[in-house]
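Presented below is the structure to which this report refers.
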Amino acid sequence: MTTPPPICDYEGSDYQASFWDKGGRAYEDRTEAIALQRLLPRSGRLLLELGAGAGRNTPRYRGFDRIVLLDFSRTQLVQAQQRLGKADKYVYVAADVYRLPFVAGLFDAATMIRVLHHMADAPKALGQAKDVLGSNGVFILEYANKLNLKAILRYLLGRQTWSPFSLEPVEFVKLNFDFHPKAVRNWMENLGFRIEKTLTLSHFRLGILKRIVPTGLLVFLDSLFQWTGAWWQLSPSVFVKAVRRDGTPPPSYGQDASRILSYFRCPDCAHSPLIDQTDYLECSGCGKRWEVKDEIYDFREPMKKP
Ligand SMILES: [Zn+2]
């Protein structure tokens, strides 16, 4: 077995409060809402939110019958539960994006926003997303763009050593990566995705602008500029709508809660179905037990056997 890629863990983090709620990020949050509205199908059956965090974006997916929130951090999911409730509409899963615990072709849509940013092995994470999407499944991906105007200027002025023009990712802080748009496109196409739309976001992410220009005006201007993503991508954040070309159509599950069990497979040996033992799901393939506690399915580490 190869060494798994390192994971950026938000366990115990106050990311939602410090970054979003009090961090002056209203502009970024609202431009993301607009992009999602433009890219996401109005309705659907089952959506997977990869790196859901505290559920900031989840209400924007309400047109879907059911939403599976996945995050590596359990404490982020607890915050999401407090925000959204433990309704049947939401399924909370603690798991590693590199080892997804779902049967192949399950979802008809998936989103991954501000998550690739922390992926040391981006193609592997994107491949996992592809595997759990059904044929014609829609994938909405956001990534941080290394080829942004600020980085280009800094590089040309000699104030930054790394080149924004080269295809490899740049890790500017540990486990924080920016990507070249062409590299992301290549990965997606090699995996069998067809890119349908590209939007650029956060054109005006400058402290001085955010202080002196009303947020509503900046959001409006950004919403116009988003469409230029079809021709060039020079903003710090890029949204892509891709469709899985191959694969089998997703199975037709209803809203029956008992069916949730059939979503899962063992992340270690890929066996399915798992057996519901109330406090845990048991894998009859390898014998591992995956904890279910306070309505969070936990596939990060198997439970220790008594
Ligand atoms: Zn197993």
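Values quoted throughout were computed directly from the atomic coordinates according to the rules given, and no laboratory measurement underlies them. Everything numeric in this text was worked out from a predicted model, so none of it was measured. With ideal geometry, Cβ positions are generated from the backbone for all residues, glycine too; neighbour counts draw on all protein chains shown.
Coupling constants for the stretch 274-285 follow from the phi torsions by the Karplus curve (6.51 cos²θ - 1.76 cosθ + 1.60, θ = phi - 60°), and in residue order they are 8, 9, 7, 10, 6, 7, 7, 9, 10, 9, 7, x Hz; glycine and proline get x.
Could you order peptides 212-221, 71-80, 264-273 by the average number of other Cβ atoms within 10 Å of their residues, highest first?
Listed from highest to lowest mean packing, they are 71-80, 264-273, 212-221.
What the Cβ-Cβ distance of Trp232 and Lys124 gives, at R0 = 35 Å and to the nearest 0.05, is a FRET efficiency of 0.80. The P(r) of the stretch 88-189 has a tail past 15 Å containing 66 percent of all C-alpha pairs. For the options Gly134, Gly229, Gly287, a Gaussian network treatment of the chain with springs between C-alpha atoms closer than 10 Å singles out Gly287 as fluctuating the most. Protection proxy ranking for 55-68, 139-152, using the average of other Cβ atoms within 10 Å per residue and placing the highest first: 139-152, 55-68. With q set to 0.10, 0.18, 0.19 Å⁻¹, the log10 of I(q)/I(0) for the stretch 1-129, from the Debye formula over equal scatterers at the Cα positions, is -0.31, -1.06, -1.19. Counting neighbouring Cβ atoms within 10 Å and putting the fewest first, the residues Asp96, Asp9 line up as Asp9, Asp96. Each residue of the stretch 227-235 is assigned a 3J(HN,Hα), and the resulting list reads 5, 5, x, 5, 10, 8, 10, 10, 9 Hz, derived from the Karplus form 6.51 cos²θ - 1.76 cosθ + 1.60 (θ = phi - 60°), x at Gly and Pro. With the simple spin-label model, which puts each label point 7 Å out from Cα in the Cβ direction, the Ile212 to Thr3 separation comes to 4.9 nm.
Let me check I've understood the local charge: for Val184, count other residues with C-beta under 11 angstrom from its C-beta, Lys and Arg +1, Asp and Glu -1. What total comes out? Before the final figure, lay out the partial values.
On the way: positive: Lys146, Lys182, Arg185; negative: Glu142, Asp178, Glu189.
Once positives and negatives cancel, what remains is 0.
Measuring between their Cα centroids, the stretch 38-60 and the stretch 280-298 lie 25 Å from each other.
Sorted largest first, the spans of the alpha carbon positions of the stretch 261-306 along the three principal axes are 24, 23, 17 Å.
Can you give the extra length, in nm with one decimal, that the chain gains between Phe172 and Asp279 once fully stretched, where that is 0.36 nm per residue apart less the Cα-Cα distance? Walk me through the numbers before you get to the answer.
Values: separation 107, 0.36 × 107 = 38.52 nm, distance 4.13 nm.
Extending this stretch completely gives an extra 34.4 nm.
Rg ratio for the chain: its Cα radius of gyration over 2.2 N^0.38 Å, N being its residue count, equals 1.01. Cross-link pairs exceeding 20 Å between alpha carbons, from the set Lys150/Lys182; Lys89/Lys124; Lys182/Lys241; Lys124/Lys288: Lys89/Lys124; Lys124/Lys288. Couplings for the stretch 55-62, taken from phi via the Karplus curve 6.51 cos²θ - 1.76 cosθ + 1.60 with θ = phi - 60°, read x, 4, 8, 3, x, 6, 9, 5 Hz in order; Gly and Pro are left as x.
Fewest-first ordering of Trp231, Trp162, Trp290 by other beta carbons within 10 Å of each residue's beta carbon gives Trp231, Trp162, Trp290. Rg and Dmax of the stretch 205-306, based on Cα coordinates, read 22.8, 61 Å.
Of all aspartates and glutamates in the structure, those lying under 20 Å Cα to Cα from Lys304, and not within fewer than 8 positions of it along the same chain, are Asp96, Asp268, Asp276, Asp279, Glu282, Glu291, Asp294, Glu295.
For Phe102, the residues 5 or more places off, or on other chains, whose built amide H falls under 5 Å of its own are Arg265.
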